Structure formats: C-alpha cells, structure tokens
Ligand SMILES: [Zn+2]
C-alpha cells in the first residue's frame, strides 16, 4: 500500500458545472449544493488513503463527524484551490482542527504546485508519509525530515501519545476498581452493600 494518494479525485462534467454555477468564495464550500460532490470525493479518497487520516494515520470513522475533507493549502488563503482535487485529502477532525488555516507554503504561488517542494508539511498527494514520519506503537510520532517535524507541530501529533497513555492507564486501572467493588460487596455490611448497589444503579441508569 502506497503512503501517498496516487490518484486525485476526478470531477465529472456535471460536478464541474455545479461548482462553476455555485462557487464564488471559499465559504461556499459548506453550501448544501456541494454535498453529493463531497460524498464522492470522500468515497474516492478513503480507498486512496487506506481509510486513514493523512496526518496521524488513525483509522477514519464512517460518521460524517469522524472524517473531514482537508484542504492542504488553506482555502481561506487560496480560495481558487477550494475544489482543486490535488489539494484535498481526508483527515480526522482533530488533525484538521489543529492544523486549521496555518499557512503551509514557503512562497506565494499562482498555480497549484506540481510537487511538494514549496510545501512546509507532508502533502498527501506528493510526499510519501513513511519518508517523513515513523509511528511507534501507533502513538509516538518520530520525525525523519523537516517536513515530518513540521507536520507533527502543525497537527500537534504529540497529543496522541497523551491519549494513548491515558487509555493504557485506564485499562490498567479498571480491573482493580472492579475487583475492589466486588470485594466491598462481599465483605461490607448491609448498609455499605445497599449504598454500593444504588450507586451502581444510578451510574448505569
Ligand atoms: Zn488525524
């Protein structure tokens, strides 16, 4: 499996017409008229990206809240690239939020770049992820290049090691809590038992 998008989405003639008739500025991106185009773009990119976020590589969910169409070069800065399909990749909402509209270009451009040289971070279409970042234990991101390091900073990928540590700590903690509860239920007096049972009932109601 390639670590970059090999084939950008190809807009149909009908989709290009819809865009030509309805797109004026980057905020038009959220217009309902573009919904079906976005659905098609997402379906295409899921396959190209092996259903993983272009920045953190976590698996993308299938609810609309669990996948974003990310504009690699921010559409607020270059609104003519809003529907440029080489500028589109799927990301998790967390990476998209962290990256937000930070400028990613080394210098001002007119036409869409043909390679990743002028782009500070990993470009999902042009740069092979594995040349720039190693992911250890699914959560520790190690930069192998300046682009890798910038991508980690832009998307705050160090946040994921914290999440993973919390998850592990919770997994280690929960059996002992349950064991303690069972012991309390066995050994406690009637009043303690009733209190515990009622607390559990309240918690799961
Ligand atoms: Zn992500």
Checklist line | Order of 81, 62 under a 10 Å beta carbon neighbour criterion, fewest first | finding: 62, 81
Margin query: Once you keep just the Cα pairs under 8 angstrom separated by 6 or more residues, what percentage relative contact order results for the chain?
Written below: 17
Note to self: Compute the angle between helix 35-48 and the longest alpha-carbon principal axis of the chain, please, reported from 0 to 90 degrees and rounded to the nearest 10.
What the structure shows: 80
Item checked: Helical mean residue ellipticity (222 nm; -39500 (n - 2.57) per DSSP H run of 4+; nearest 500) of the chain -> -13000 deg cm²/dmol
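Highest mean first, how do 15-22, 108-115 rank when packing is the count of other Cβ atoms within 10 Å averaged over residues? Write down the numbers at each step before the final one.
Working: 15-22: 12.8, 108-115: 10.8.
The peptides rank, most packed first, as 15-22, 108-115.
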Check: Helix 13-22 versus the longest principal axis of the chain: what is the Cα-based angle in degrees, 0 to 90, to the nearest 10?
Finding: 90
Notebook entry, point to check: If one takes the longest principal axis of the Cα atoms in the chain, at what angle in degrees, from 0 to 90 and to the nearest 10, does the Cα axis of helix 159-187 lie?
Noted result: 20
Check: Rg/Rh for the chain: what does it come to with C-alpha atoms and Rh from Kirkwood?
Finding: 1.16
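Bear in mind these aren't lab numbers, they're just calculated from the coordinates by the rules spelled out. In this text, all values refer to a predicted model and were calculated from it rather than measured experimentally. Ideal geometry is used to build each Cβ from the backbone, glycine not excepted, and the neighbour counts take in all protein chains shown.
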